[in-house]
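Enquirer: Supplied in structure tokens, the structure appears directly below.
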Amino acid sequence: MPDVHFSDAELEQRRDHITEFIRSQVDAAGVDGAVLGLSGGIDSTLTAYLLVDALGVENVHGLVLPGTVSSDENMSDAERVAQDLEISYDVIELEPVIDSLLAAYPDAEGDHMAVGNARARVRAVLNYLVANHENRLVIGTGNRSEAAVGYFTKYGDGAVDCHPIGNLYKAQVRQLARHMDVPEDLVSKTATAELWADQTDEDELGISYETLDSILVTHIDGPLSVAATCRLLEVDEATVEKVRGMYERSEHKRQVPPAPEPLH
């Protein structure tokens, strides 16, 4: 597998680069700090650590947003991160809002994809409610691997003011987290968006993050052909084509909504 990891010097460089990015985004917006959703997963955990590094404890506000599909372990880890970092945080239950949506449109009951995406969008609404009230930016927790294959909810976890770790592959997220002394059990835990019960990222994607990162580095973001990628990574063509397909089908998620060209 190609090495997507950073050297120690590169890790410190990335840390400085990201914290400066965060400060520049807050300064440019003229706001008082940042709000982010804390899921207990490594992406939001690393982002919280970087925010505190960049802005100070007093300027970061976490939101823990449990629903009926949220595991007790992840919600406990989310609160633990806030407590370890000594940032202010609120716990807001999602399910009353979801119940109201399904009461308004009961046909969606049982559609785990539609309801799961609604959960992500309700989280975004709550993030912005708090951020607007406190004059803060909403900070995203998406990484480069998930963005490349569209593994996020449009106008859900993709509805943010900036993505500080958006230039890091998943392996690099874990590596930078270790560099910043995030507890190992949080760094190595199984990733899940918790949009429905027993969901995990790798099961839904149908590919491990290690393989995904390698295909992205060599083929999608890199110069190698499908055949050369298969030979280098020792994976079959169907796996590379699967990633290519996810990348192409999700292009609309990475763009501003289109409008017709002006008529002259």
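The values are calculated or read from the model by the stated rules, or taken from the named source; none is laboratory data. Bear in mind that the values here come from a model prediction, so they are computed numbers and not experimental data. Glycine gets a Cβ as well: all are built from the backbone with ideal geometry, and neighbour counts include every protein chain shown.
Enquirer: Looking at ASP185, is it more than 16 Å from the chain's Cα centre (by Cα), more than 20 Å from PHE152 (Cβ to Cβ) and surrounded by fewer than 18 Cβ atoms within 10 Å (Cβ to Cβ)?
Expert: yes
Enquirer: With GLY56, GLY67 as the choices, which residue is without any contact (Cβ under 8 Å) to a residue 24 or more places away in the chain and over 17 Å from the mean Cα position of the chain (by Cα)?
Expert: Among GLY56, GLY67, only GLY56 is without any contact (Cβ under 8 Å) to a residue 24 or more places away in the chain and over 17 Å from the mean Cα position of the chain (by Cα).
Enquirer: I need the full set of residues from segment 171-210 which are at pLDDT 95 or above and among the basic types (Lys, Arg), in order please.
Expert: ARG174, ARG178
Enquirer: In the list TYR128, TYR155, TYR169, which residue meets the criterion of being buried (at least 21 other Cβ atoms within 10 Å of the Cβ), of a type in the set (Ser, Thr, Tyr) and touching a residue at least 24 places away in the same chain (Cβ under 8 Å)?
Expert: Going through TYR128, TYR155, TYR169 in turn, just one is buried (at least 21 other Cβ atoms within 10 Å of the Cβ), of a type in the set (Ser, Thr, Tyr) and touching a residue at least 24 places away in the same chain (Cβ under 8 Å): TYR169.
Enquirer: Just need a number here: residues in segment 62-76 that are within 15 Å of LEU36 (Cα to Cα) and either exposed (fewer than 14 other Cβ atoms within 10 Å of the Cβ) or charged (D, E, K, R) (or both).
Expert: 0
Enquirer: Please determine, by comparing only the residues of segment 87-116 that are in a loop (DSSP other than H, G, I, E, B) and more than 24 Å from the chain's Cα centre (by Cα), which one is modelled with the highest pLDDT.
Expert: TYR105
Enquirer: Only one residue in GLY56, GLY33 is within 22 Å of GLY166 (Cβ to Cβ), of a type outside the set (Lys, Arg) and either at pLDDT 95 or above or surrounded by 20 or more Cβ atoms within 10 Å (Cβ to Cβ) (or both), so which one is that?
Expert: When all the criteria are applied, what remains is GLY33.
Enquirer: Same structure, new question: Only one of these is outside any helix (DSSP H, G or I), crowded, with 18+ Cβ neighbours inside 10 Å and either out of contact with any strand residue (DSSP E or B) (no Cβ under 8 Å at 6 or more places or on another chain) or among the basic types (Lys, Arg) (or both): ILE207, ILE215. Name it.
Expert: ILE207 is the lone residue from the list that is outside any helix (DSSP H, G or I), crowded, with 18+ Cβ neighbours inside 10 Å and either out of contact with any strand residue (DSSP E or B) (no Cβ under 8 Å at 6 or more places or on another chain) or among the basic types (Lys, Arg) (or both).
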